[in-house]
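See structure below.
Here, each number is a calculation from the coordinates, and none is a lab measurement. Small disclaimer: the values here were computed from a predicted structure and weren't measured. A quick note on method: Cβ atoms are made from the backbone with ideal geometry, for glycine too, and the neighbour counts reach across all protein chains shown.
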Amino acid sequence: MYREENRKQNKLEDFYLPFGGHLDEENRWVVLSKKIPWAELESDYAETLSGSDRGAPAKSLRMALGALIIKEKLQISDREVVEQIRETPYLQYFIGQEGYKDKAPFDPSMMVYFRKRLDGELLQKANEVLFREYREEQSKKKRKLRKTLKKLKG
């Protein structure tokens, strides 16, 4: 089963912090979250889950893929992923939570289901988009460097 509310994308400025303040837009998890086309990937993910009205509602793609990205980037166990997410507002934002909660968003056993549900095609699409973004970013940096060198040479 899949619920439409899972597709809602949160804005950084709307992320609730019970202790006040705001998340830093330059934080690596915030920056990475902006590069991933969550909505586009979410619709592909929802299609793979449609057709079943039984069972508990599935977690959003952002939560599932986000947790797997956290696991890979930090090289930690499934249990540690859940603990890190529970403790860190930036990671909670990254996986699509609306605000900080001192509660695990899911049981570590869900990581197994996330890996099963996110098939190779969907992961490949996410990788392609991220790689394309990376190449464009590198291209911009090179152009900027060339422009700066050209000005220095006068």
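Compare the Cα positions of ALA104, ILE70, VAL81 along the charge dipole of the chain (+1 at Cβ of Lys, Arg; -1 at Cβ of Asp, Glu; about the Cα centre) and return the one farthest towards the positive end.
Farthest towards the positive end: ILE70.
Can you pick out the pairs among LYS35/LYS73; LYS35/LYS150; LYS35/LYS116; LYS71/LYS147; LYS34/LYS141; LYS101/LYS140 whose Cα atoms lie more than 27 Å from each other?
Values: LYS35/LYS73 15 Å; LYS35/LYS150 30 Å; LYS35/LYS116 24 Å; LYS71/LYS147 39 Å; LYS34/LYS141 19 Å; LYS101/LYS140 38 Å.
Long pairs (Cα-Cα over 27 Å): LYS35/LYS150; LYS71/LYS147; LYS101/LYS140.
Let me have the relative contact order for the chain, percent, based on Cα pairs under 8 Å that are six or more residues apart.
It comes to 29 percent, rounded to a whole number.
Can you tell me the length gained on complete extension of the stretch LYS141 to LEU49, counting 0.36 nm per residue apart and subtracting the Cα distance?
29.1 nm
Can you tell which of ASN10, ALA46, SER60 lies farthest toward the positive end of the dipole of the chain, using +1 and -1 charges on the Cβ of basic and acidic side chains (Lys, Arg; Asp, Glu)?
ASN10
Amide H of GLY99 versus every other amide H placed in the peptide plane: which residues, excluding those fewer than 5 positions away on the same chain, fall under 5 Å?
Hits under the 5 Å cutoff: TYR16.
Do the sum for the chain: with -39,500 (n - 2.57) for every DSSP H run of n ≥ 4, divided by all residues, what is the mean residue ellipticity at 222 nm, to the nearest 500 deg cm²/dmol? Before the final figure, lay out the partial values.
Values: 7 runs with 92 residues, N = 154.
Using -39500 (n - 2.57) per qualifying helix, the result is -19000 deg cm²/dmol.
Under a Cβ-only charge scheme (Lys and Arg +1, Asp and Glu -1), can you give me the dipole magnitude of region 72-113 about the Cα centre, in debye to the nearest 20?
Charge dipole, region 72-113, about its Cα centre: 60 debye, nearest 20.
Give me the angle, in degrees from 0 to 90, between the Cα long axis of helix 38-49 and the longest principal axis of the Cα atoms of the chain, rounded to the nearest 10.
Value to nearest ten degrees: 30.
How far is helix 120-153 tilted, in degrees, relative to the longest principal axis of the Cα atoms in the chain, given as a value from 0 to 90 rounded to the nearest 10?
Helix 120-153 sits roughly 20 degrees off the main axis of the chain.
How big is the charge dipole of the chain about its Cα centre, in debye rounded to the nearest 20, if each Lys and Arg gets +1 on its Cβ and each Asp and Glu gets -1 on its Cβ?
Dipole size: approximately 1300 debye.
Indicate the gyration tensor shape class of region 31-146 (rounded, prolate or oblate), computed on the Cα atoms with a ≥ b ≥ c the square roots of the eigenvalues: a/c under 1.5 is rounded; otherwise a/b larger than b/c is prolate and the rest oblate.
Taking the square roots of the gyration eigenvalues as a ≥ b ≥ c, region 31-146 is oblate.
Enter the angle in degrees (range 0 to 90, nearest 10) between the Cα long axis of helix 78-87 and the first principal axis of the Cα atoms of the chain, meaning the one along which they spread out most.
Roughly 70 degrees between the two axes.
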